[in-house]
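The values are calculated or read from the model by the stated rules, or taken from the named source; none is laboratory data. In this text the structure is predicted, and so the values were computed from the model without any measurement. Positions of Cβ are generated from backbone atoms using ideal geometry, with glycine treated the same way; all protein chains shown enter the neighbour counts.
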Ligand code: NDP
């Protein structure tokens with residue numbers, strides 16, 4: 001007969017649609033026989049502080065949070081990892097030695113996809129977008145030694161402010177160009193990243209506006225969009241002879257990084273990727 005600890009055992013109602021991140025994480029736990037569970041709860045901003053207190057009280061070893069909680073969560077943590085501090089947002093909270101530390105695994109997931117293909121050190125990178133994903137990726141690339149980052153964004157204030165932040169806080173030279181019409185990619189750029197939501201399902205025909213003929217075979221082109229993995233932009237890049245990286249890889253990598261932080265285990269990414277592909281192919 002097991003000893004029963006005092007517990008709060010709950011029942012809650014929610015829509016049955018599968019959450020891709022839950023599928024991703026639970027596939028790894030199952031595959032490796034790890035005795036952890038990953039559950040997803042919708043939390044309104046006004047309830048967020050209570051939800052974090054609840055997670056801490058219920059013995060969580062960590063949690064992810066999505067927009068708009070990525071900034072609000074900082075007030076509830078004991079400290080921040082360097083990149084999370086520079087990004088100004090946390091998507092992964094980790095309990096380390098009794099302290100709650102904020103990490104940002106979005107940019108790290110991107111970097112783990114990129115580095116087997118090309119080292120960012122010394123590269124000129126063009127990033128489309130200046131939202132949360134662009135910010136995380138730009139900071140990680142700057143910390144990894146990118147020589148220059150050109151941000152291209154519709155909203156000028158957001159783009160200029162991210163470029164100024166990178167210039168002030170990192171050793172990387174950062175500039176901003178407003179995105180008006182088709183952007184002419186400079187021949188000096190070795191890495192191009194779509195970090196906008198352009199092309200995300202169901203808007204799969206939406207176009208990342210780059211000038212014809214400026215995608216070159218020397219470029220590595222990455223897209224953050226996980227669904228569909230093969231976006232219109234990546235198809236155009238592949239047709240131009242570029243090497244391409246999809247957003248599914250980034251999502252799998254950030255999930256694997258979360259698992260490493262929370263459990264110490266190194267997850268099999270191919271198992272996680274297959275689980276996600278099954279979800280997205282069923283959409
Ligand atoms: P944000 O809302 O913070 O930023 C959205 C960005 O997309 C802004 O730069 C916005 O430009 C730009 N944008 C949106 N629509 C258009 C358009 N029609 N034309 C030009 N630019 C546009 O979102 P996030 O940065 O958090 O997320 C962006 C994408 O990244 C999402 O699709 C998300 O799924 C994906 N993502 C993928 C991850 C992965 O692991 N693969 C992880 C995190 C995010 P503006 O400022 O001008 O409005």
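I need the full set of residues from segment 135-163 which are under 18 Å from the mean Cα position of the chain (by Cα), more than 21 Å from residue 242 (Cα to Cα) and part of a helix (DSSP H, G or I), in order please. Residues satisfying the conditions are 135, 136, 139, 140, 142, 143, 162. Would you be able to say whether some residue in segment 219-231 is within 11 Å of the ligand (Cβ to nearest atom), assigned to a loop (DSSP other than H, G, I, E, B), touching a helix residue (DSSP H, G or I) at 6+ places or on another chain (Cβ under 9 Å) and more than 24 Å from residue 278 (Cα to Cα)? No, that holds for no residue.
Screening residue 101 against (1) crowded, with 19+ Cβ neighbours inside 10 Å; (2) under 15 Å from the mean Cα position of the chain (by Cα) leaves a single unmet condition, (2). The set of residues in segment 176-218 being part of a loop (DSSP other than H, G, I, E, B), within 11 Å of the ligand (Cβ to nearest atom) and in contact (Cβ under 8 Å) with a residue 12 or more places away in the chain consists of 179, 195, 196, 197, 198, 199, 200, 201, 206, 207, 208, 209.
Taking every residue in segment 243-268 that is free of Cβ contacts under 8 Å to residues at least 12 places away in the same chain and pairing it with any residue that is surrounded by fewer than 21 Cβ atoms within 10 Å (Cβ to Cβ) and assigned to a helix (DSSP H, G or I), at least 6 positions away or on another chain, the pairs with Cβ-Cβ distances below 8 Å are 266/260.
Considering segment 141-155 alone, what residues qualify as being at negative phi and more than 12 Å from the ligand (Cβ to nearest atom)?
The answer is 141, 142, 143, 144, 146, 147, 148, 149, 150.
Restricting attention to segment 112-132, the residues that are within 12 Å of the ligand (Cβ to nearest atom) and either surrounded by 24 or more Cβ atoms within 10 Å (Cβ to Cβ) or in the same structural domain as residue 64 (by TED's automatic domain parsing) (or both) total 4.
If I go through segment 232-257 residue by residue, how many of them are touching a strand residue (DSSP E or B) at 6+ places or on another chain (Cβ under 7 Å), within 11 Å of the ligand (Cβ to nearest atom) and either assigned to a helix (DSSP H, G or I) or farther than 30 Å from residue 94 by Cα (or both)? Break it down stepwise before answering.
Here is the first cut: in segment 232-257, the ones touching a strand residue (DSSP E or B) at 6+ places or on another chain (Cβ under 7 Å) are 233-234, 237-238, 242-247.
Then drop every residue that is not within 11 Å of the ligand (Cβ to nearest atom), which leaves 245-247.
From what is left, the residues that are either assigned to a helix (DSSP H, G or I) or farther than 30 Å from residue 94 by Cα (or both) are 247.
Final tally of qualifying residues: 1.
Report those strands (runs of 3 or more DSSP E) wholly inside segment 1-109 carrying at least 3 residues which are without any contact (Cβ under 8 Å) to a residue 60 or more places away in the chain and either under 30 Å from residue 130 (Cβ atoms) or in contact with a strand residue (DSSP E or B) (Cβ under 8 Å, 6 or more places away or on another chain) (or both).
On the way: elements: 62-64, 92-96, 99-103.
Output list reads 99-103.
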